[in-house]
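Right, one structure below, let's go through it.
The values are calculated or read from the model by the stated rules, or taken from the named source; none is laboratory data. A quick note: this is a predicted structure, and the numbers were derived from the prediction, not measured. Neighbour counts run over all protein chains shown; Cβ positions are idealised from the backbone, glycine included. All accessible areas refer to the heavy atoms of the entire protein, side chains included, with ligands and DNA or RNA removed. Shrake-Rupley method; radii C 1.70, N 1.55, O 1.52, S 1.80 Å.
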Amino acid sequence: MSESTQRPERDRRTPVVVIAGLPGRGADGVRRAASLLGAEPGTVVVRHDLTELREGVVRRIVELDGRETVSVLELAHGCVSCTLRADLLPYLCLLAERDSVRRIVLALDPAFEAEAVCQAIREVTVAGVVGRVDGPAGRSVRIEAVLTCLDGRDWLSDALGDETLSERGHATVEDDRTIAQLAVGQVEFADALVAFDAGADPMDCMRTAAVLARLAPQATVSWVADPEALHADDLYALLAPIDENARRGAGFDPHGPLLRGQPPLDAEGGVQLVEFETDRPFHPDRLHSAIDVLLEGVVSVRGRVWLATQPDEVVWLESAGGGMRIGGAGKWLAAMTPEELEQADPARSVMASLRWHEQFGDRHTSLVILVNDADADEIRHALHWALVDEDELRQVRFAPERVAQWEDPFGDQHEEPCEETRSTPVTGDGHSRQNER
């Protein structure tokens, strides 16, 4: 058989279904869905109880063939990342070695984020597993699907708020993640969604459905009365249509298209996607003043920002409800050395060539804003106001040394003056990376 007609080798890694949900009916849905999937022969359900994480104690609960086993783990640092590295990832590798295990279901505690778990599976090296060469757990397992369960009664209000996980009593005080961050992140990362609508206001459900269609357009969605009304047939019917273009735990490329799938672009009941694109940089101080317009009546913001004072760096901006993260996403292609350009993603280079500026190269701003009753024109006006004017643009062109002296609230060495500022953890365990407003 010629090389061109050979069939691709079958993926022999053990499939993993990841299930996430907020505390309450979302978490109840996680347990119900895991139990239903776990009834299939050869399926292992793994969940970690993090209610005593503050004391450095984590309980691993494993269900297989109707039997439940509980192991008590003592972690020196008592954080989510430690639980991932010290127990979950090695345990996945061990399960994958068993011929009797056909599928693994991860029923995530709300303190775990599906995206962080999948990233760790792909990237974190697992060492010391007997009989296995050191390397990421992704060599042994593959993400089959990510399923999110949510409560139609209050998910949207959670996604628009600014209450932290610790304020709800679900995390340590050092954990600054917001409920909105979890609510939006769980939906955005999902391949399939189950929404429970018993007792929910029909108008709230309609608006929530409009948000879901725009936040996760590729996800299959099922509305069920409550967790106990969820049946195995519902789950398999929900998971079966997941196509080959679904994320299946894949990471998000900050330099790729911001609109994934084919979300509705029209307004529906006050819910609307607003795109903002420009080839002119922001004045950092004015952008800082304008940011509040993105934190009221806005479900999420995501995108790349060109700051006049940081000409080499792609500034990444994302928000969920009343919380915002601003951090780095590497260099602009125009600021890279020839050696760095050789390592750049070819697809990114092709897209950049379509909008290349003779002086500024690929520098630009591109934001996608999902609003809920916010004024789209007001948002556009505020962002346009924050751009450099003609005189400032001349300075950007011809006097970059003067631009470097401008006030920059987003600079690495700047101490954010806002009272509500706090450090933001990458994986939700107190290990900070970025400034959050």
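Only one of these is open to solvent by 20 Å² or more (accessible area, probe 1.4 Å), outside the structural domain of G328 (by the TED database), in contact (Cβ under 8 Å) with a residue 24 or more places away in the chain and of a type in the set (G, A, S): G297, G256, G251. Name it.
Numbers: G297 fails: outside the structural domain of G328 (by the TED database); G256 fails: open to solvent by 20 Å² or more (accessible area, probe 1.4 Å).
Of the residues listed, the single one that is open to solvent by 20 Å² or more (accessible area, probe 1.4 Å), outside the structural domain of G328 (by the TED database), in contact (Cβ under 8 Å) with a residue 24 or more places away in the chain and of a type in the set (G, A, S) is G251.
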Answer yes if at least one residue in region 223-235 is over 19 Å from E115 (Cα atoms), surrounded by fewer than 22 Cβ atoms within 10 Å (Cβ to Cβ) and of a type in the set (F, W, Y), and no otherwise.
yes
So T83, is it within 21 Å of the chain's Cα centre (by Cα) and among the hydroxyl-bearing types (S, T, Y)
yes
Considering only region 83-102, state which residues are buried (at least 19 other Cβ atoms within 10 Å of the Cβ) and touching a Leu at 6+ places or on another chain (Cβ under 9 Å).
T83, L88, L92
Filtering region 6-19 down to residues that are over 17 Å from L89 (Cβ atoms) and touching a strand residue (DSSP E or B) at 6+ places or on another chain (Cβ under 8 Å), which residue is least open to solvent (accessible area, probe 1.4 Å)?
I19
Some residue of region 375-389 being without any contact (Cβ under 8 Å) to a residue 12 or more places away in the chain, of a type in the set (A, V, I, L, M) and surrounded by 15 or more Cβ atoms within 10 Å (Cβ to Cβ)
no
Somewhere in region 177-188, is a residue closer than 19 Å to A107 by Cα, of a type in the set (A, V, I, L, M), open to solvent by less than 40 Å² (accessible area, probe 1.4 Å) and part of a loop (DSSP other than H, G, I, E, B)?
no
For residues that are within 26 Å of the chain's Cα centre (by Cα) and among the aliphatic types (A, V, I, L, M), scanning just region 49-61, find the one that is surrounded by the fewest Cβ atoms within 10 Å (Cβ to Cβ).
I61
Flag for V315 being over 30 Å from L36 (Cα atoms) and hydrophobic (A, V, I, L, M, F, W, C):
yes
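Does at least one position in region 136-155 carry a residue that is polar (S, T, N, Q), more than 26 Å from D226 (Cα to Cα) and touching a Cys at 6+ places or on another chain (Cβ under 9 Å)?
Yes, some residue in region 136-155 is polar (S, T, N, Q), more than 26 Å from D226 (Cα to Cα) and touching a Cys at 6+ places or on another chain (Cβ under 9 Å).
I'd like the full set of residues that are assigned to a loop (DSSP other than H, G, I, E, B) and either hydrophobic (A, V, I, L, M, F, W, C) or within 18 Å of G303 (Cβ to Cβ) (or both), limited to region 347-365. Spell out how you get there, then give the answer.
So the first thing to find is which residues in region 347-365 are assigned to a loop (DSSP other than H, G, I, E, B), and the list is 354-356, 358-360, 362-364.
The answer is L354, R355, W356, F360, D362, R363, H364.
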Hey, V350 farther than 29 Å from S157 by Cα and out of contact with any strand residue (DSSP E or B) (no Cβ under 9 Å at 6 or more places or on another chain) or not
yes
I need the full set of residues from region 328-346 which are outside any loop (DSSP other than H, G, I, E, B) and surrounded by 12 or more Cβ atoms within 10 Å (Cβ to Cβ), in order please.
G328, A329, G330, K331, L333, A334, A335, E340, L341
Condition (residue is at pLDDT 90 or above, assigned to a loop (DSSP other than H, G, I, E, B), over 26 Å from I369 (Cα atoms) and touching an Asp or Glu at 6+ places or on another chain (Cβ under 7 Å)) applied to region 149-170: is it met by at least one residue?
no
Return yes or no: is T309 surrounded by 19 or more Cβ atoms within 10 Å (Cβ to Cβ) and over 12 Å from P254 (Cα atoms)?
yes
